[in-house]
Each structure stands twice: as C-alpha cells, then as structure tokens.
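A short worksheet on the structure shown next.
The values are calculated or read from the model by the stated rules, or taken from the named source; none is laboratory data. Predicted model, so just to flag it, every value in this text is computed and none were measured. Glycine also receives a Cβ, built like all others from the backbone with ideal geometry; neighbour counts cover every protein chain displayed. To get the accessible areas, we keep the full protein, side chains included, count just its heavy atoms, and leave off ligands, DNA and RNA. Shrake-Rupley method; radii C 1.70, N 1.55, O 1.52, S 1.80 Å.
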Amino acid sequence: MRLFIAVNFDDNTKSKITQIADRLKAAGLNGNFTKEQNYHLTLLFLGESDERQLMIAKKAIQEIKTQPFDITFQNISNFSKNIVHLKVKPCEQLTQIHNFLYDKLKSYFSLDASKFSPHITLVRKPSFIPNIKDEFKDILPMDYRADNVTLMLSSRQNGELVYSPLFVHKL
C-alpha cells in the first residue's frame, strides 16, 4: 500500500481551492488537475508500505503534540515545468511536524531528504506555466486552521487516483 501523511482540508476550503483551479482552466491551462476531494498538504511521503510500517506511522502521528494552527495559502507557483501548485507561506508548526515525523520514521521508510516545501498540487503536467500576477488577489492569500494530521492511502480505483484517510489525529 502507498502511504503518505498529510493535513486534510474541510469541504469549504477544498471548494475555494477548486475556484482557483477553475480560474486556471478558464485561462486556458490544460493538464492533470487534482480532483477536489484529493486536495491536501503532504507532510511526509512514505511510499510503498506494509502493515507493520502502517502501525509505526500511526504511532508516530499519535505522538504529535501540536495545537491547531493557521496556515496561509500564499500564491500560485510551480515546480519546474511539471507542477503548478498553491504555495503555502513558511510556517514553523508545519516544519516542526514534518521534522518530527521525518526523525521518527526515517529508520522504517525510504524517505526523501530534500527540503520540505509545503504546497497544494493543483495541476500535474500543465500545458504551460501561467504568468500570474494579480489574478487571484481577491482569493489569495487565504488562511486555513490546520487541526489534523492524517495517514493517507493513495490508490487507483477505476483508473482514478483516490486518497483515503486511514487514521486521523486531531490536534
């Protein structure tokens, strides 16, 4: 099973993110758009895992002692030419949770040691990289109260990518 740890969003926030994606579509951007139900902020990608690793990840998540905190969706950005994303303003609590999980789980998973860059993926393999200045100033920046850390399963169902919560830890 393919696992990752994330902050999930409420339906209202997912709807607002969809408004941003819809504006990108209206501007002529094509690509593999993330489905509304799949919006999340990845804290740590764990990859292919077995039942033992799932339990180890769940235990590490349960040890998170952070209180709910605010994150800010800052602007539209991109990673090279492959991903258009909603950039998250640097946040000490997100970084602390990421680092805590990384340190707890690095002995049990093959983890990516690259710098943590919190974001919400909007489009994979975009037809072009949008040159966006002020088109989203009525929506962005946008705040969200993070109140959970969730162990997620990534699977394909009928050819569609589906992210399913396996365990939710309330902050």
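A few points about this structure:
- Sub-9 Å Cβ pairs linking a first residue in segment 86-110 that is touching a residue at least 12 places away in the same chain (Cβ under 8 Å) and farther than 30 Å from Glu135 by Cα to a second residue that is open to solvent by 10 Å² or more (accessible area, probe 1.4 Å) and among the polar types (S, T, N, Q), at least 6 apart or interchain, are Gln96/Thr66; Ile97/Thr66; Phe100/Thr66; Leu105/Gln53; Tyr108/Ser49; Tyr108/Gln53; Phe109/Ser49; Phe109/Gln53, ordered by first then second residue.
- Qualifying residues in segment 126-161 (those that are within 19 Å of Ile17 (Cβ to Cβ) and among the basic types (Lys, Arg)) - the one least open to solvent (accessible area, probe 1.4 Å): Arg145
- Applying the set (1) open to solvent by less than 70 Å² (accessible area, probe 1.4 Å); (2) at pLDDT 95 or above to Lys59 leaves exactly one unmet item: (1).
- Selected residue (criterion: farthest from Ile56 (Cα to Cα)) from residues of segment 143-154 that are out of contact with any Phe, Trp or Tyr (no Cβ under 8 Å at 6 or more places or on another chain) and of a type outside the set (A, V, I, L, M, F, W, C): Asp147
- Ile97 being at pLDDT below 95, of a type in the set (Val, Ile, Thr) and over 20 Å from Ser164 (Cβ atoms): no
- Looking only at segment 34-55, and only at residues there that are open to solvent by 30 Å² or more (accessible area, probe 1.4 Å) and under 17 Å from Ile120 (Cα atoms), the one that is nearest to the chain's Cα centre (by Cα): Thr42
- For segment 102-125, filtered to residues that are touching a helix residue (DSSP H, G or I) at 6+ places or on another chain (Cβ under 7 Å) and of a type in the set (Phe, Trp, Tyr), the residue that is least open to solvent (accessible area, probe 1.4 Å) is Phe109.
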